[in-house]
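Working notes, beginning with the structure itself.
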Amino acid sequence: MTQKNKRIYLDYAATTPIDPRVFKKTLVFLREKFGNTMSLHSFGQEAKEALEESRKIVADFMGAKVNEVIFTSSATESNNLALKGVAFANKERGNHLIISPIEHSCVMESAKWLESQGFKITKLKVDKYGLVSPQEVEKAINRKTILVSVMHANNEIGTIEPIEEIGKIIKRKSEVLNLKSKVYFHTDAAQTFGKIPIDVNKMNIDLMTVSSHKMYGPKGAAALFIREGVKITPLLHGGGQEMGLRSSTVNIFPIIGFAEAVKICQKEMKNEAERLKKLRDKLIKGILEKIPGAHLNGHPKKRLPNNTNFWFESVEGESIVIQLDLLGVASSTGSACSSTKLEPSHVLLALGLKPQEAHGSLRLSLGRWTTEKEIDYVLKVLPRIIKKLRKISPFKRIWKE
Ligand SMILES: Cc1ncc(COP(=O)(O)O)c(C=O)c1O
């Protein structure tokens with residue numbers, strides 16, 4: 001197989017293409033049904049009705065009530081609102097927040113900013129696979145703790161966190177401490193919503209971030225689940241849209257697409273995950289067998305069905321990404337948001353990798369249109385690329401292959 005005319009996309013964790021079924025459904029909202037949801041006339045009411053239908057679809061898929069979901073523009077915005085909104089609304093009760101050390105930069109940076117505003121942040125530890133220990137969460141909670149934020153699955157290494165256990169422990173500890181209001185539990189589910197099952201009640205989640213463009217919907221729409229009764233203050237003040245928590249004219253087009261993408265995932269998620277797991281495991285096995293000095297990052301089993309992430313001895317991740325791109329394969333060293341920074345990934349460092357090891361990372365994330373042929377192609381070209389790069393590697397180790 002030659003890939004001369006066909007590019008292979010293996011960066012679905014960064015963003016996904018819009019499913020053609022979603023695209024078809026949304027077009028009418030760009031043209032005929034363009035109304036402002038706050039308008040009283042029929043254009044406005046038509047858009048408002050579609051907005052509420054979309055809210056119901058998203059809420060149902062996570063087990064929430066319709067009044068517990070607000071639409072935002074992105075997962076970054078949802079995460080900022082969750083952390084800052086809860087921190088400021090609850091500062092009379094406490095000033096302590098707990099996060100994992102492998103959160104997406106939008107959570108890490110929000111926490112850092114809150115620290116500059118006088119809040120105290122505890123960063124938990126993770127094990128070598130990136131797993132947070134629920135017992136460590138329990139130990140870290142004190143009477144001043146108002147929020148714990150642990151992501152559902154990590155965007156770089158794909159490790160799925162024990163969210164249900166963490167949720168249980170937070171609830172129990174809040175009861176034991178007899179706090180005036182519960183320690184809220186936020187999870188960033190941008191990488192899991194539509195890929196693995198989520199139930200906000202079963203998992204005792206109080207706030208949850210989900211995003212459209214990670215699940216074959218358009219960019220520009222995301223949501224935040226906020227459990228009834230959670231005290232939160234808005235970041236955007238204005239016309240009072242989204243139950244007063246997110247003022248700004250509702251961006252109806254991507255929201256309709258988001259809901260349609262959710263409907264498709266609802267029907268297809270189980271089979272899609274099974275198919276992707278097989279391809280994922282073939283890719284992992286093939287790379288570890290064919291390439292000496294290749295190591296898997298993240299948990300071997302508790303990982304997203306579409307995620308693979310490796311580090312290669314004596315090679316730089318960026319060079320691999322460029323070489324793969326020249327052969328028509330789109331990949332990444334890790335998070336798309338930090339792929340232009342030269343610092344090693346904070347996620348890989350938190351797992352205990354040395355900076356030099358973390359620099360040799362490669363993420364290949366699979367998706368709805370990934371085929372076995374594409375995986376075979378990568379398994380053919382990647383060993384050659386690594387061999388070639390090691391020949392010119394500035395690192396000390398000499399490869400005798
Ligand atoms: C886990 C996670 N959270 C948050 C984000 C931020 O998403 P966006 O850049 O679309 O706001 C991403 C995107 O990569 C992500 O993977």
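Across the stretch 363-401, the qualifying residues are those that are surrounded by 13 or more Cβ atoms within 10 Å (Cβ to Cβ) and part of a loop (DSSP other than H, G, I, E, B), and the one among them that is modelled with the lowest pLDDT is TRP399. Of the residues that make up the stretch 217-232, is at least one of a type in the set (Phe, Trp, Tyr) and open to solvent by 20 Å² or more (accessible area, probe 1.4 Å)? Within the stretch 217-232, not a single residue is of a type in the set (Phe, Trp, Tyr) and open to solvent by 20 Å² or more (accessible area, probe 1.4 Å).
In the set (1) closer than 22 Å to ALA64 by Cα; (2) more than 16 Å from the ligand (Cβ to nearest atom); (3) of a type in the set (D, E, K, R), the condition left unmet by GLU161 is number (2).
In the set (1) assigned to a helix (DSSP H, G or I); (2) open to solvent by less than 10 Å² (accessible area, probe 1.4 Å); (3) in contact with a strand residue (DSSP E or B) (Cβ under 6 Å, 6 or more places away or on another chain), the condition left unmet by ALA47 is number (3).
Among the residues of the stretch 226-239, none qualifies, meaning not one is closer than 26 Å to ARG363 by Cβ and within 16 Å of the ligand (Cβ to nearest atom).
In the stretch 166-177 there is at least one residue matching the filter, namely being aliphatic (A, V, I, L, M) and over 28 Å from PRO305 (Cβ atoms). Listed by first and then second residue, the pairs with beta-carbon distance under 7 Å, at least 6 apart or on different chains, first residue in the stretch 75-102 and within 13 Å of the ligand (Cβ to nearest atom) and part of a strand (DSSP E or B), second open to solvent by 10 Å² or more (accessible area, probe 1.4 Å) and among the basic types (Lys, Arg), are ILE99/LYS123.
Restricted to the stretch 1-20, and to residues that are loosely packed, with under 13 Cβ neighbours inside 10 Å and either among the aliphatic types (A, V, I, L, M) or part of a helix (DSSP H, G or I) (or both), which residue is modelled with the lowest pLDDT? Selected residue: MET1. Within the stretch 188-197, the set of residues being in a loop (DSSP other than H, G, I, E, B) and touching a strand residue (DSSP E or B) at 6+ places or on another chain (Cβ under 6 Å) comprises ALA189, ALA190, GLN191, THR192, PHE193.
From LEU179, LEU147, grab the single residue that is over 30 Å from THR15 (Cβ atoms), away from the ligand (no atom under 16 Å from the Cβ), in the same structural domain as SER54 (by TED's automatic domain parsing) and open to solvent by less than 30 Å² (accessible area, probe 1.4 Å). Give the derivation first.
Values: LEU147 fails: over 30 Å from THR15 (Cβ atoms).
Only one candidate passes the filter, namely LEU179.
Could you tell me how many of the residues in the stretch 198-216 are in contact (Cβ under 8 Å) with a residue 60 or more places away in the chain, of a type outside the set (Val, Ile, Thr) and either part of a strand (DSSP E or B) or surrounded by fewer than 24 Cβ atoms within 10 Å (Cβ to Cβ) (or both)?
Looking only at that region, the number is 7.
Can you tell me which of GLU136, GLU161 is open to solvent by 60 Å² or more (accessible area, probe 1.4 Å) and acidic (Asp, Glu)? Result of the check over GLU136, GLU161: GLU136.
Among the residues of the stretch 63-74, is any part of a helix (DSSP H, G or I), open to solvent by 50 Å² or more (accessible area, probe 1.4 Å), in contact with a helix residue (DSSP H, G or I) (Cβ under 8 Å, 6 or more places away or on another chain) and more than 20 Å from GLY220 (Cα to Cα)? Let's see the steps before the verdict.
The first filter runs over the stretch 63-74 and keeps only residues part of a helix (DSSP H, G or I), leaving 66-68.
Subsequent filtering for residues that are open to solvent by 50 Å² or more (accessible area, probe 1.4 Å) retains 66-67.
The next check asks that each one be in contact with a helix residue (DSSP H, G or I) (Cβ under 8 Å, 6 or more places away or on another chain); those that pass are 66.
Within this subset, residues satisfying the condition of being more than 20 Å from GLY220 (Cα to Cα) are 66.
The answer is yes; a qualifying residue exists.
The values are calculated or read from the model by the stated rules, or taken from the named source; none is laboratory data. Quantities reported herein were computed from a predicted structural model and do not represent experimental measurements. When we count neighbours, we look across all protein chains shown, and the Cβ atoms used for this are built from the backbone with ideal geometry, even at glycine. Note: accessible area is taken over every heavy atom of the protein model, side chains too, but ligands, DNA and RNA are not part of it. Shrake-Rupley method; radii C 1.70, N 1.55, O 1.52, S 1.80 Å.
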